[in-house]
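So the structure is just underneath, and the comments pick up after that.
The numbers here are math on the coordinates, done by the rules we state, and not lab data. The structure presented is a predicted model; accordingly, all values stated were derived computationally and were not measured. A quick note on method: Cβ atoms are made from the backbone with ideal geometry, for glycine too, and the neighbour counts reach across all protein chains shown.
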Amino acid sequence: MEKVFRSVEKLIVYAKENLYLSEKDADYARNGIYRILGIADFEALKGLSVDRNAGKGISSPDELLKELVASCVEAGLIEEYQAEFIADEVMGEITLKPSEVEKRFYEIFERDGSAAATEWLYDQSVKSDYVKKSKLDKNPRFDAENGLVITINKAKPEFRDPKKAVSGNSVKGGYPKCSICHENEGFAGRNKRTLRTVDVELDGKKWFWQFSPYGYFYQHGIVVNYEHTPMFVEKATFTRLLDFVDTFPHYFIGSNAALERIGGSVLAHDHYQGGGEILPMHKAKAYCVMRSKDYPDAIVEVVDWAGTVVRVVSDNRVAIEEISNKIKEKWVNFTAPELGIIPKDEKGVHNAVSPTVVKTGRGYEMSIILRSNITSDRYPDGIFHAHPEFHIIKKESIGLIEAQGLFILPGRLEKELARLEDAIVNNQPIPDDMTDYSMIFDEIKAIAANDISKENVHEAVKKELASVCSRILDNTAVFKDKKLTVKFMNDLGFTLDK
Ligand SMILES: [Zn+2]
């Protein structure tokens, strides 16, 4: 028990230094933690000298939480499987209340600007253990030669606490209605005791911003509608995205297509994804530039990108909104059966757009990704989805983030690719249980060519991953030839720039 008391004391010191715990609230917070840990016996405190400085100078909660949980298990207060849940409860107790977080956020916003405010909120989210940064930092990630960014996501959360798993799976009619509803703020059932959101106004309505605990890139977060209403890309979507980058010009923001298989994992609740990194697609060059006499202050670029993307560039928000909406309207009704493009049939709607915007020296750059989720007998997972030969690398839907060139590959790949690498380095055939990788294995060997040194084969694996991801983007392209994209824009009154 002594260890438990010492650990709690360290956390209190940590919270004072990192989470704005005031001296006045310290005793209250300590008692809150005792309550969470179920401590009713304080005998061990008798004569225990606690070092009041033990938690000083520590800026990450990881070690402190590990120590606390281990000591609680040792003392019989909790069981191992409850570790994550208890750590979340304890951190929730010493994290500022949502209203206080928001007040400080907007104070910084007014004084030092929106970038400083989001930086502060992100830092607090890491220090409160909401954003699992130390886990994220362990995810392998590299910038590929072909411009794509590849990451392997080893940080997937595991739902071990049965109480949590039950409530965490609640769907329609449950509380909260889904995993991103505002009612999740502080909700123990999903380990959201430390979730803190800040309100943001978009198109005159109240939305809220929150960081993702297992984000895919720097300061990855979502801005969410207060209402639990389905994803839907409409003209007002462009307005909201523009409002967002007006408030947070250092972030990009984009909306997933509002359809199954090509959209995000939560379609039941309207939200957009963004954050503090400019993703590869936004940096891609123009294949060609087009103009319309109706919009003299705007240009449209057919983007030199494996997927099908047009980019509307202008300082003029109205022009961006109108052109973007025209593109959307045209695409959702676009038919070209010879290309496999059918906007709607008995199975439902198939054509949709993913808009995503950044602010640059050129003004607003709204990229509209044209998507289709149609399936066929040959491609039951989608004609414009990663084709079966790539499923061993990536089978899940190619959503907004991947469509922009940042690939999140499954954690199992780390070990599996290492086995392929070993086999090649040792001049052995592909392992018997890995025949699903035959094509990948042969391609890596071909890239490594005659140099099967460990270093060279490792580089070859990276090149192969980048190549596969690029081919997956090719699969998602609705127009395999850029000339067809130009023709598509011609029909909207845009002509090639001379
Ligand atoms: Zn919801």
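Find how much the distance from LYS177 to LYS498 grows on full extension, using 0.36 nm per residue of separation minus their present alpha carbon separation; answer in nm with one decimal. Extra length available between LYS177 and LYS498 comes to 110.3 nm. Rg of the Cα atoms in the chain, relative to 2.2 N^0.38 Å, amounts to 1.09. The trypsin sites (Lys or Arg not before Pro) of the range 301-389 meeting both criteria, a DSSP state outside H, G, I, E and B (loop) and at most 15 other C-beta atoms within 10 angstrom of the site's C-beta, are LYS347, ARG362, ARG378. Here the chain is treated with +1 on each Lys and Arg Cβ and -1 on each Asp and Glu Cβ, and its dipole about the Cα centre works out to around 660 debye.
For the range 2-94, relative contact order (Cα pairs under 8 Å, six or more residues apart, normalised by length) works out to 45 percent. With both labels modelled 7 Å from their Cα along Cα-to-Cβ, the SER22 to GLU227 distance reads 3.8 nm.
The spread of Cα positions in the range 2-94, taken along each principal axis and listed from longest to shortest, comes to 30, 30, 20 Å.
Exceedance of the 32 Å cut-off in Cα-Cα distance is limited, within the set LYS154/LYS206; LYS97/LYS133; LYS133/LYS206; LYS326/LYS480; LYS205/LYS359, to LYS154/LYS206. The ranking of ILE342, ILE383, ILE374 from fewest to most other beta carbons within 10 Å of each one's beta carbon is ILE342, ILE383, ILE374. The protection proxy used here, the mean number of other Cβ atoms lying within 10 Å of each residue, ranks peptides 396-404, 212-220 as follows, highest first: 396-404, 212-220.
Between ASP143 and HIS391, full extension at 0.36 nm per residue minus the direct alpha carbon distance yields a gain of 87.1 nm.
Ordered by the count of other Cβ atoms within 10 Å of each Cβ, fewest first, PHE208, PHE384 give PHE208, PHE384. Using the Cβ-Cβ distance between ASP345 and GLU234 with R0 = 30 Å, the FRET efficiency computed as 1/(1 + (r/R0)^6) comes to roughly 0.85. For a quick check of your reading of the filter: which trypsin sites (Lys or Arg not before Pro) in the range 7-110 sit in a DSSP loop and have no more than 11 other Cβ atoms within 10 Å? Sites meeting the loop and neighbour criteria: LYS46, ARG52. Label sites at GLU107 and LYS483, each approximated as a point 7 angstrom past Cα along Cα to Cβ, lie 6.3 nm apart.
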